Structure formats: structure tokens, C-alpha cells
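**Q** Got a structure here, written out as C-alpha cells. Questions coming.
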């Protein structure tokens, strides 16, 4: 009977070549920012210093072999510590950057919107501020206005954390355009207004109304006064002219020399004084039908509306007495 010799070497080789899967160990995540213009070597160094990869040289070789070294996108990324280098290369080449969810409240001015974005994101605010005053850029949006005050539509947006300012503006303006078409003309009773004037009226409503149900009524007061040739005498325009907000407008404030001061100048101010929301735009295009020419805040979140100046004075006296 022959003995069969079994070599252990092929058996060991076979065992080594068998696919073995090891459980991935999650070590946590880190946020990094890849700045615009950084090359593969710069990025490899940053990843190694941030403990996302171990071998910066190997990462550079992998980037060159995969032909993705020129496709790596700048911006903020959330990556795992000591992550698989191939996964990192894929994420950077596909631009799988961090996103943020930002709610822009209704009634913010242009400056207020920029300040909020500066706090919540890494968007280049200086560039954005420059663009919203740039005539050529504004024309590229299909608008014929001097600035984008009133055109940055308040809504909840999802942006990349370091989104391009131009894309941020376009998204906000196009969002508004879906509601109010640029250059359109709207007939209100016997009067006709272009989209800029409607947006201006909507901004006045936004700053004056405290509750949505009163917006169509405030709109009716504005249109009634415009039709009769009365000064609008809206406190919010005085505050905009002053350039800062405060709880109460005093008599001396009403004399501020500005085309936005509707206590001095008849008609509408030169443009919007804030970024109005949907309900205010809706009220501007669909005002209530009333005979009101006056209103006064009660201090409780609503207004008393009146037809005559005498009734208006009585309402103001009543509110002061109750206080």
C-alpha cells in the first residue's frame, strides 16, 4: 500500500489567498475643509494630519493611478478617522460634501440675510455681498434693479456648507421667480403695478403685519392710500431709512431725509425694504376689499383698522389708555 504524501505548502498558500473580511472599526468622524486650488499632495497632507489616512504617499499614488487626482472637489467633508483611502478618493472626486439646512426667516433685510448665512455656513459672504450689488450679475438673473434687496426669497434651503455665493443667490432669486415673475404687470383695482412695485408693497406688508390674517387688510390700506394720493406714512420705511431697528419710532425719526421715508414722500419707496414671504406677496397681489385708510398696533400682536382720521385718533387714544 502506497503512502500519499501531502504537501502542506499549497494548503497554506490556499488559506492565505482565501478572501478574509475583517470587521471595520468605527473610530469617529472629523470635519475638514479642502480649500479651492489645493493639489493632490496638499490634500494628502491634510488628510494625514487629520488622521483620515495613514500613508500620504500611498494616497498620492492611489490618486494618480485612479486618474482622479484632478477631479477632487474643494469644500467641507465629514470623513471617518483612518478611512479606506479608496473611499476617500471616491468621496472627494464625486464632491460628496457636507450640506447644511438653513431657514431664512421672512422679513429679513439683505444685510440680515447675509449675517445669518455668515453664522450658519462657510459661504463667502464678502463675495455674496458684492454680487447682490453687481449690476451685470443682477441683469444675468433677468432683473432690472439696482440691488437684490427683497429678491432673496425667505425659505428653508439645503446648501453645501461652502456653497458658491452665486449659486446661493440664483437659487433664492429663482425661488422667488416661481411666485412673482420678473417684469410682470399686475392690475389691482384700477391701478397697474410692475413686479418690483408689487414686491415693494409685499415688503411693507411683511414689516407691518404681525399675523397672516391681517396682511390682506394692511394691503388694502396701502392701495387705498395710493389711489387717493395720500402719503403711506409707514413706520417700517422710517426704520429702513435710519438703517437700524428699534422698538419705537419717535417724532424726530419721521424727519429722516431719505427717499424711503414715506412720511415725507408720496407713493412707494424706491424698492423693497425687506425680503417678503409668500403670504405677504399673496396679500400684495390679492388685497382685501375695505374702506380702511388707517391702522394702529394694539401692542397685542394685531391692529385696529379705521376709515377716518378721527376714528384713527380715537383708536390710538383707546390703546394708550388701556396701556
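Throughout, read-outs are computed from the coordinates displayed, never taken from laboratory work. As the structure is a computational prediction, the values presented were derived from the model and not from experiment. Every residue, glycine as well, gets a Cβ built from its backbone with ideal geometry; the counts of neighbours run over all protein chains shown.
**Q** Between 0 and 90 degrees, rounded to the nearest ten: what's the tilt of helix 8-17 against the longest Cα principal axis of the chain?
**A** Orientation of helix 8-17: about 10 degrees from the principal axis.
**Q** What is the Rg over Rh value, at two decimals, for the stretch 235-323, using alpha-carbon atoms and the Kirkwood definition of Rh? Before the final figure, lay out each step's value.
**A** On the way: Rg = 14.6 Å, Rh = 15.0 Å.
For the stretch 235-323, the value is 0.97.
**Q** Go through (i) 38; (ii) 44; (iii) 53 and flag the label whose value is the computed percent of Cα pairs over 30 Å apart for this structure.
**A** (iii)
**Q** On to the next question. Given the convex hull of the Cα atoms of the stretch 99-177, what is a quarter of its surface area in nm²?
**A** So the mean shadow area of the Cα hull is 4.4 nm².
**Q** Continuing with the same structure: Could you check how many percent of all C-alpha pairs in the stretch 148-221 are farther apart than 18 Å?
**A** 51 percent
**Q** Test of understanding: what is the full-extension gain from residue 130 to residue 66, defined as 0.36 nm times their sequence separation minus their Cα-Cα distance?
**A** Answer, rounded to one decimal: 19.1 nm.
**Q** Another question, then. If one computes P(r) from the Cα atoms of the stretch 185-290, what percent of pairs lie at distances over 16 Å?
**A** Working: 3002 of 5565 pairs.
For the stretch 185-290, the share of Cα pairs beyond 16 Å comes to 54 percent.
**Q** Then there's this: Just report the Cα centroid separation between the stretch 166-191 and the stretch 98-133, whole Å.
**A** That distance is 20 Å.
**Q** For residue 227 paired with residue 54, estimate the spin-label separation in nm (one decimal), with each label point 7 Å from Cα along the Cα-to-Cβ line.
**A** With each label point 7 Å from Cα toward Cβ, the separation is 7.9 nm.
**Q** Still on this model: Expressed as a whole percent, how much of the Cα-Cα distance distribution for the stretch 227-279 exceeds 14 Å?
**A** Everything past 14 Å amounts to 50 percent.
**Q** Mind putting together the pair-distance distribution for the stretch 29-94? All Cα pairs, 5 Å bins, whole percent per bin, short to long.
**A** 4, 20, 35, 30, 10, 0
**Q** With both bridge residues required to lie in the chain, what share of the DSSP beta bridges run antiparallel, to the nearest 5%?
**A** The answer is about 100 percent antiparallel.
**Q** Something else: If you average the alpha carbon positions of the stretch 67-87 and of the stretch 265-295, how far apart do those two centres end up, in angstrom?
**A** Here the answer is 50 Å between Cα centres.
**Q** What's the angle, to the nearest 10 degrees (0 to 90), between helix 165-177's Cα axis and the longest principal axis of the chain?
**A** Helix 165-177 and the main axis of the chain meet at about 50 degrees.
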